[in-house]
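Enquirer: Input: one structure, supplied below.
FYI, it's all coordinate maths here, none of it is from the lab. Only a predicted model underlies this, so the values are computations on that prediction, with no experimental measurement involved. Heads up, the Cβs are rebuilt from the backbone with ideal geometry, glycines too, and the neighbour counts pull from every protein chain shown.
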Amino acid sequence: MADLYSGQMLSAVTDMSYGILAIVPKYADGTPITDFEDVIITENGRELKAWDSIARYMASFADTDGDDIANVPAYYSTTHGRKLVDTSRSPLALLKNPNKFTAVYAGLLAVAVLLIVLVVLLIRKLVKKARRRAA
């Protein structure tokens with residue numbers, strides 16, 4: 001769940017990360033959301049604000065220490081495997097989801113290798129020519 005502003009700003013993540021990150025909000029069936037105005041949650045004909053829904057959710061927790069303030073359950077102290085961080089430095093892991101910058105880098109690398117090969121072949125040809133003249 002997100003408020004309207006945050007939902008509309010999700011496309012900026014892709015732009016600001018130059019395509020490295022892509023966030024596509026979707027309906028439960030997997031269809032991408034194209035118009036956030038269609039998915040606004042309303043209550044009594046008015047938009048339900050994100051801060052209000054969070055405050056209501058927090059208030060629904062039990063007061064376990066008797067201070068008249070709801071306490072967040074211990075369940076929320078871990079991610080339960082929902083947030084996975086891949087710290088692998090393996091080239092295959094780094095290149096499994098390439099973006100346009102990976103393609104540009106690979107192209108530049110291929111051009112550099114090709115130039116090195118051509119220079120080596122040219123030098124070999126010139127050395128052979130010089131040896132023939134010397135002989």
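Enquirer: With r defined as the distance between the Cβ atoms of ALA59 and LYS83 and R0 fixed at 22 Å, what FRET efficiency is calculated, to the nearest 0.05? Please report the intermediate quantities before stating the final value.
Expert: Working: r = 26 Å, r/R0 = 1.17.
Step by step, r from the Cβ atoms, then E = 0.30.
Enquirer: In addition: Across the chain, how many lysine pairs separated by 8 or more positions, or lying on different chains, have Cα atoms within less than 28 Å? It would help to have the intermediate numbers written out before the result.
Expert: Details: LYS26/LYS49; LYS26/LYS83; LYS26/LYS96; LYS26/LYS100; LYS49/LYS83; LYS83/LYS96; LYS83/LYS100.
Final tally of qualifying lysine pairs is 7.
Enquirer: May I pose another question? Beyond 22 Å, how much of the Cα-Cα pair distribution for the chain remains, as a whole percent?
Expert: Numbers: 6309 of 9045 pairs.
That fraction is 70 percent.
Enquirer: Select from LEU122, PRO98, ALA134 the residue farthest towards the positive end of the dipole of the stretch 89-135; place +1 on Cβ of Lys and Arg, -1 on Cβ of Asp and Glu, and compute about the Cα centre.
Expert: ALA134
Enquirer: With springs connecting C-alpha atoms under 10 Å apart, model the chain as a Gaussian network and identify which of ASN71, ASN97, ASN44 has the largest mean-square fluctuation.
Expert: Its mean-square fluctuation being the largest, the pick is ASN44.
Enquirer: Report the full-extension gain for the segment PHE36 to TYR5: residue separation times 0.36 nm, less the Cα-Cα distance, to one decimal in nm. Mind showing how you got there, number by number?
Expert: Details: separation 31, 0.36 × 31 = 11.16 nm, distance 0.93 nm.
Separation in residues times 0.36 nm, less the Cα-Cα distance, equals 10.2 nm.
Enquirer: Once you have the Cα-Cα distance between ALA12 and THR102, take 0.36 nm times their residue separation minus that, and quote the gain in nm to one decimal.
Expert: On the way: separation 90, 0.36 × 90 = 32.40 nm, distance 2.03 nm.
Stretched fully, the ALA12-THR102 segment lengthens by 30.4 nm.
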